[in-house]
Amino acid sequence: MADSRLSDIDSNVHDGIAAVIKTTQQRESCTWSYLRDNPPSERTGYMFSDNPMFAVINGHMQVGHSGSSYAWTMRILQYIATHGLDAYIAECASSQRSQTV
């Protein structure tokens, strides 16, 4: 991914974005739209979901995730799918600024 906005993003999130892109390239539907429109069950969350699309995305991730880091990464991908990459980057920058104060 050559997008310069991704240079400071956590490696798990970077890997997740690449997995979503790869999943979209292999299917004839937009994985970002799917993530936006199909949140996981409140009962299972991402970690214990049996949703086949989430499993496909997970299969494209290169980082060896624990259940917790997988769920965290998927929640961030859901945020990006809903609000956009620029909103996520702005939220990260805002969070970093408040931590340095």
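Please treat every number below as a calculation from the coordinates, not as lab data. Everything numeric in this text was worked out from a predicted model, so none of it was measured.
Side notes on the structure shown:
- The chain, relative contact order [Cα under 8 Å, separation at least 6], %: 34
- Gyration tensor verdict on segment 6-92 (Cα atoms; rounded if a/c is under 1.5, prolate if a/b is larger than b/c, oblate otherwise): rounded
- Taking the longest Cα principal axis of the chain as reference, the axis of helix 85-100 is set at about 50 degrees.
- On Cα atoms only, tilt of 11-26 relative to the major axis of the chain in degrees: 40
- Nearest 10 degrees, 0 to 90: helix 67-83 Cα axis against the chain principal axis: 80
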